[in-house]
Every structure is written in structure tokens, then in C-alpha cells.
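The values are calculated or read from the model by the stated rules, or taken from the named source; none is laboratory data. A quick note: this is a predicted structure, and the numbers were derived from the prediction, not measured. Heads up, the Cβs are rebuilt from the backbone with ideal geometry, glycines too, and the neighbour counts pull from every protein chain shown.
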Amino acid sequence: MDVILLLLIFFLFGSNFVLKSGVEVDLPLSNSVLPSAEDAHIITLISDDSSEFYFNDERVDLEGLESQLDQAILRSKQVILLGDKTINYGTVMEISQAVLRKGFEVSFATQQEGS
């Protein structure tokens with residue numbers, strides 16, 4: 001019974017510290033810590049010249065994002081933005097405003113300094 005409890009605690013705490021996306025980005029540095037977001041949707045902004053990005057590992061544009069957000073809010077109201085540090089700030093704001101208009105809470109993922 002003790003082993004099961006220890007495994008349960010390990011997976012509960014361990015799962016909160018892992019944020020996965022199928023796309024690799026170079027996150028900006030920060031001292032802040034991202035809150036727990038088990039069911040959060042992930043928007044990944046990559047540094048290329050297209051106006052497309054990823055929503056839960058599916059490539060979309062801004063119009064496609066807005067239609068997917070209507071259905072996604074039923075699962076979770078949390079969205080984490082993973083943006084490469086070379087992304088244009090205007091693009092980040094445009095996408096975050098679209099997400100906020102749909103009633104989501106937005107968090108910005110960063111890499112901890114020194115890691």
C-alpha cells in the first residue's frame with residue numbers, strides 16, 4: 001500500500017512539471033514559474049515566415065484557431081503559449097488577444113534562467 005501511495009505522489013507531482021509540445025522552440029528566459037496546467041491547451045509559435053502555428057500539435061492559422069477554440073473551451077479554459085524568443089511581439093499579442101476574447105486564461109511559457 002505504501003508503494004502505491006508513493007507512486008501516486010510521484011506521478012501527481014512529476015506530471016505538473018512537464019510541458020510537452022511536438023514542436024521545439026527556443027523559449028525566452030524568466031525567473032517566474034508556470035502554474036500547474038494539467039489539461040491546458042498549448043499554442044506553439046515557431047520562428048518562420050508563415051502565419052501558421054500549432055494548437056495542441058495541429059498546424060492552424062488564426063481563423064482555424066478561433067474555430068477550434070470554440071470546441072476546446074469545453075475541455076479546459078487554460079491556454080499556454082509556447083513562443084520562440086525570435087517571434088514578432090505583434091504576432092504574440094494578436095494570438096493571445098484572440099484566445100482571451102474566447103474566454104480563456106493565457107499563460108506564457110518561459111525557460112528558467114540557469115537551466
inquiry  = With the requirement that a residue be among the polar types (S, T, N, Q), more than 17 Å from residue 46 (Cα to Cα) and part of a helix (DSSP H, G or I), what does segment 62-115 give you?
reply    = 67, 68, 71, 97
request  = Take segment 74-88 and flag every residue that is over 14 Å from the mean Cα position of the chain (by Cα) and closer than 15 Å to residue 103 by Cβ.
outcome  = 74, 75
ask   = Is there any pair with a first residue in segment 59-83 that is free of Cβ contacts under 8 Å to residues at least 40 places away in the same chain and over 12 Å from residue 95 (Cα atoms) and a second that is surrounded by 17 or more Cβ atoms within 10 Å (Cβ to Cβ) and not charged (D, E, K, R) whose Cβ atoms are under 6 Å apart and which are 6 or more apart or on different chains, and what are they?
value = 68/55; 72/41; 76/40; 77/104
remark   = Note on segment 30-57: residues farther than 12 Å from residue 99 by Cβ, touching a helix residue (DSSP H, G or I) at 6+ places or on another chain (Cβ under 8 Å) and modelled with pLDDT of 90 or more are 56
message = Against the conditions (1) over 13 Å from the mean Cα position of the chain (by Cα); (2) at pLDDT below 75, where does residue 91 fall short? Just the number, please.
response = (2)
